[in-house]
Every structure is written in structure tokens, then in C-alpha cells.
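The structure under discussion appears below in the form of C-alpha cells.
The values are calculated or read from the model by the stated rules, or taken from the named source; none is laboratory data. Given the structure is predicted, the values throughout are model-derived calculations rather than measurements. Cβ placement follows ideal geometry from the backbone for every residue including glycine, while neighbour counts extend to all protein chains displayed. Calculation scope for accessible area: heavy atoms of the full protein, side chains included, ligands and nucleic acids excluded. Shrake-Rupley method; radii C 1.70, N 1.55, O 1.52, S 1.80 Å.
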Amino acid sequence: MEFLLAIAASTAVVFVAELGDKTQLVAMSLATRYRAATVLLGITIATLLVHGLSVLIAEVVGLALPTDWITLAAGIAFVGFGVWTLLGDELTDKDEERAASRRIGSGLITVAVVFFTAELGDKTMLATITVGTHYDWLPVWIGSTVGMVVADALAIALAAVLGKKLPERAVQIGAALLFFLAGGAMVVEGVRAVAG
């Protein structure tokens, strides 16, 4: 049961973290150059690698710090992710140029390399580390990968159907509210645990 709970939690957190994120915009941009299936496979490969690194970091952090303090730090991090989401990520002209210029050979390799690079240090990587400090690495790795791929697949599909008419600000506000609620609950739980 804990395994399924960890998959569900990490899927939900990363899905919400990816909404309106820069890497989601990168995925939509890449989908204008390559087939959607190629983009999704490249995203999956890159996400498996980055989130594999994330759960490894989480395992090390989880062994080094007491659980009560991790819960408090995770709650504060989630509130920070909410603020980050509200502020938004923009796909700059320079990001667009980098995505276009990285034609390594095959579209799949290009997508995987571009997405891997964009994902390093991103909000979803940090969210995976945060969730990974509470659960075992394998279900978090699976769930975070599923959450990322589903969020990006949804964005690619919606962009194809709706074009530029996506209500980006509404998505950002909704995702930020979810982070604030989860973060607030974790902060309260962490403060109670630390205070004894």
C-alpha cells in the first residue's frame, strides 16, 4: 500500500509542478519540430535520468537528516514552489534558439538532450527530491516520471488543439494554490513534530 501511495503522491506533485513550467513550454516548442511520439519518448528518457538522480539525492538527504526536519523543510519548499509557480517560467528567445540549434542527429536524441538540460535544477527535479525524502526511491522515481510525461503529453495535446489560447495564468494560479495547501499542511505537521 505504501508503494502505491508513494507512486500516487509523486505523480501528483510532479504533475502539478510541471503545469506552466519552463520545461513544459520546451516540450510544446519541441512538438512543433518533431512528432509528438518522438517528443514524449525523449521526455521520458530524459525524465528517467534526471529523476533517477533526484531520488538518489533524496536517499542521501533522507539518511542524513531527521524526518521531522525534512517534513518542515519540505513544507517550506512546497510553499516556495507555489511562489515560483505564480511568478512563472518564460521560454526566452535564447531558450528557443538552444532548442532549435541542438540538432544532434536524430530527433529523439535532440529532444532527450534538450529536455534533460532544461530539467536539471528545475522545479520538478526539486519537487522529486522533496517527495523522495518521504518515500522509497523506486515508487517516487516511477511516479515522478509518470507525472512529468502525463503533464507534458497533456500540454502537447492541448497546444495542438487550442493553439495559443491556453489560459496559462489560470493554470499557474491553480497549481500554486495546490502547492500552498500541501506546503501549509506539511509546515504545520513539521512544526508540531519538531516542537514535540
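The simple spin-label model puts a point 7 Å past each Cα toward its Cβ; for Leu56 and Trp69 those points are separated by 2.5 nm.
Stretching Asp136 away from Met1 to a fully extended chain increases their span by 47.4 nm, per 0.36 nm per residue minus the current alpha-carbon distance. Estimated from the Cβ-Cβ distance and a Förster radius of 25 angstrom, the FRET efficiency linking Val161 and Arg33 is about 0.85. Per-residue SASA remark: Lys22, around 60 Å² accessible (1.4 Å probe; ligands, DNA and RNA not included).
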